[in-house]
Amino acid sequence: MKTIDQVNFSGKKALIRVDFNVPLDKDYNITDDNRITGALPTIQKILKEGGAVILMSHLGRPKDGPTEKYSLKHVVKHLSDLLGQQVEFADDCIGEQAVEKAKDLKAGEVLLLENLRFYKEEEKGDKDFAEKLSKLGDVYVNDAFGTAHRAHASTAVIAQFFPNAKYFGYLMAGELANAEKILNHAEKPFTAIMGGAKVSDKIELIEKLLEKVDNLIIGGGMAYTFAKAQGGTIGNSLLEADKQELALSLLEKAKAKGVNIILPTDTIIADDFSNDAKTGVAPTNAIPDGWQGLDIGPETVKAFSKVIEESKTLLWNGPMGVFEMESFDKGTKAVAEAVVRATKNGAFSLIGGGDSAAAVAKFGLSNDVSYVSTGGGALLEYMEGKELPGVKAINE
Ligand code: AMP
């Protein structure tokens, strides 16, 4: 793997694609800085060797050019605090000011560029735009695992302008090594825990995992499509009606491959999609009319926890219920705690990014699992066996 360990950055300007797409509250405070802290080892290694660092990232999904809400200037103070030095900011990621500031940057200094997605060219993978960005640095480093599945200007297209000077940062290298470990060197029993809202988002991953895992736990909103497909009644619970056939065929495939699929047997039901709703417990396949399943029930928690604790490798993607609401976070919390217990007993646990990472962070357990990925979609695609454009661009 081409990593920054192969370069001495003394006197060099490193142009680093980071993923600083962090959640901000209404006062622009960062509510989860995992993606920023994840990039610090790369930045610090380069600064320590006497290099200068130019950081580029996207933030959110701006539709029409510069938007206050999506400005990366909101990240400057926190990043400066974390690095213990003032970070410079350029109001634009290309153009005169960016060029001047990059040129004036001295060894040991850090410059953050404004949101790349203020230009439509970024997501279009525009070559001219990528070339303009490339002029700002001598070495290109990609440390943005969260966007590695996108062939954008700064994540993939730009690499061609650094044919002999393009490398993975430590975060990318770590993400790839951990994903690889799960895919190709998993100690058995290997259990995948799938949750979240939709089966349709995760079909390819589930199919791929059936080749690898001993146990597949299915919770969250997607479980009700399975319950309905098997003839249950699910009230107003989440249903992807057109995916019922597929759910049954996944169960068949699992059986043929000897994979143990564990579905929820009981459910926390609510009379409304609200934290203050009236709640109860019902069998997952007999949810009364007017009610919806918003979390796994206590019997299911016990069954899932047992399988998790007996595992040596764990991959978790997607919450077990609507964990954002306190009334429906118990199942997700219990699963997180079971994963922590298994990890303490020597299992390797990888938490897929996105909502699973947010859930583990909410319960304060991020440091008690083996690895929390910073990439939601990117990790899923990598696990599905797809080549990530951001990875390919460095490797080729
Ligand atoms: P995903 O992005 O597919 O991982 O889905 C995550 C979202 O699924 C979270 O916002 C959860 O609140 C939601 N979710 C999980 N379980 C349920 C459920 N039983 N009903 C509705 N939404 C759910």
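The values are calculated or read from the model by the stated rules, or taken from the named source; none is laboratory data. This is a predicted model, so every value here is computed, not measured. Neighbour counts are summed over all protein chains in view; Cβ atoms, including those assigned to glycine, are modelled from backbone coordinates with ideal geometry.
Please indicate, with yes or no, whether at least one residue in the stretch 205-217 is within 14 Å of the ligand (Cβ to nearest atom), within 23 Å of the chain's Cα centre (by Cα), in a strand (DSSP E or B) and over 15 Å from GLN292 (Cα atoms). Give the steps one after another, and end with the answer.
The initial filter retains those residues of the stretch 205-217 that are within 14 Å of the ligand (Cβ to nearest atom), namely 205-206, 217.
Restricting the remaining residues to those that are within 23 Å of the chain's Cα centre (by Cα) gives 205-206, 217.
Cutting the leftovers down to in a strand (DSSP E or B) gives us 217.
From what is left, the residues that are over 15 Å from GLN292 (Cα atoms) are 217.
So far as the stretch 205-217 goes, yes, one or more of its residues are within 14 Å of the ligand (Cβ to nearest atom), within 23 Å of the chain's Cα centre (by Cα), in a strand (DSSP E or B) and over 15 Å from GLN292 (Cα atoms).
When you look at GLY146, is it in a loop (DSSP other than H, G, I, E, B), within 17 Å of ASP355 (Cα to Cα) and among the small types (Gly, Ala, Ser), yes or no?
Working: in a loop (DSSP other than H, G, I, E, B): no; within 17 Å of ASP355 (Cα to Cα): yes; among the small types (Gly, Ala, Ser): yes.
No, not satisfied.
For GLY258, the conditions (1) more than 29 Å from the chain's Cα centre (by Cα); (2) closer than 29 Å to ALA342 by Cβ; (3) within 16 Å of the ligand (Cβ to nearest atom) are fulfilled apart from (3). Checked against (1) surrounded by fewer than 19 Cβ atoms within 10 Å (Cβ to Cβ); (2) within 23 Å of ARG35 (Cβ to Cβ), PHE161 passes all but condition (2). Screening GLY231 against (1) surrounded by fewer than 23 Cβ atoms within 10 Å (Cβ to Cβ); (2) on the phi < 0 side of the Ramachandran plot; (3) more than 13 Å from the ligand (Cβ to nearest atom) leaves a single unmet condition, (2).
Among the residues examined, GLY169 qualifies as in contact with a strand residue (DSSP E or B) (Cβ under 7 Å, 6 or more places away or on another chain) and among the small types (Gly, Ala, Ser). Taken as a whole, the condition of being at pLDDT 95 or above, out of contact with any strand residue (DSSP E or B) (no Cβ under 7 Å at 6 or more places or on another chain), in the same structural domain as TYR371 (by TED's automatic domain parsing) and surrounded by 19 or more Cβ atoms within 10 Å (Cβ to Cβ) does not apply to THR191. Cβ-Cβ contacts under 6 Å between residues 6 or more apart (or on different chains), taken from a first residue in the stretch 87-103 that is touching a residue at least 60 places away in the same chain (Cβ under 8 Å) to a second residue that is not in a loop (DSSP other than H, G, I, E, B), are listed as ALA102/ILE54.
Every residue in the stretch 41-70 that is touching a residue at least 12 places away in the same chain (Cβ under 8 Å), closer than 27 Å to LYS12 by Cα and of a type outside the set (A, V, I, L, M, F, W, C), please. PRO41, THR42, GLN44, LYS45, GLU49, GLY50, GLY51, SER57, HIS58 - these are the residues of the stretch 41-70 that are touching a residue at least 12 places away in the same chain (Cβ under 8 Å), closer than 27 Å to LYS12 by Cα and of a type outside the set (A, V, I, L, M, F, W, C). So which residues in the stretch 15-58 are small (Gly, Ala, Ser) and farther than 20 Å from LYS73 by Cα? Matches in the stretch 15-58: GLY50, GLY51.
Each residue in the stretch 318-353 was checked for being in a helix (DSSP H, G or I), free of Cβ contacts under 8 Å to residues at least 40 places away in the same chain and out of contact with any helix residue (DSSP H, G or I) (no Cβ under 7 Å at 6 or more places or on another chain), and 3 pass.
Would you mind stating whether GLU240 is surrounded by fewer than 22 Cβ atoms within 10 Å (Cβ to Cβ), within 15 Å of the ligand (Cβ to nearest atom) and over 16 Å from LEU350 (Cβ atoms)? Yes. One residue is enough: does the stretch 207-215 have a residue meeting the conditions at pLDDT 95 or above, buried (at least 23 other Cβ atoms within 10 Å of the Cβ) and either more than 18 Å from LYS255 (Cβ to Cβ) or among the polar types (S, T, N, Q) (or both)? Scanning the stretch 207-215 turns up no residue that is at pLDDT 95 or above, buried (at least 23 other Cβ atoms within 10 Å of the Cβ) and either more than 18 Å from LYS255 (Cβ to Cβ) or among the polar types (S, T, N, Q) (or both). Among the residues making up the stretch 171-199, a single one is part of a helix (DSSP H, G or I) and among the basic types (Lys, Arg): LYS181.
Rundown of residues vs (1) within 16 Å of the ligand (Cβ to nearest atom); (2) outside the structural domain of ALA156 (by TED's automatic domain parsing); (3) over 22 Å from THR31 (Cα atoms); (4) touching a strand residue (DSSP E or B) at 6+ places or on another chain (Cβ under 7 Å), yes/no style:
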| residue | (1), (2), (3), (4) |
| --- | --- |
| GLY318 | yes, yes, no, yes |
| ALA336 | yes, yes, no, no |
| ALA347 | no, yes, yes, yes |
| GLY352 | yes, yes, no, yes |
| ALA378 | yes, yes, no, no |
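Filter the stretch 185-204 for residues that are within 12 Å of the ligand (Cβ to nearest atom) and closer than 14 Å to SER305 by Cα and give the result. ILE193, MET194, listed by residue number.
Of the residues making up the stretch 1-60, those that are surrounded by fewer than 21 Cβ atoms within 10 Å (Cβ to Cβ), small (Gly, Ala, Ser) and more than 18 Å from the chain's Cα centre (by Cα) are SER10, GLY11, GLY50. Just one of (1) surrounded by 19 or more Cβ atoms within 10 Å (Cβ to Cβ); (2) within 14 Å of the ligand (Cβ to nearest atom) fails for LEU314. It is (2).
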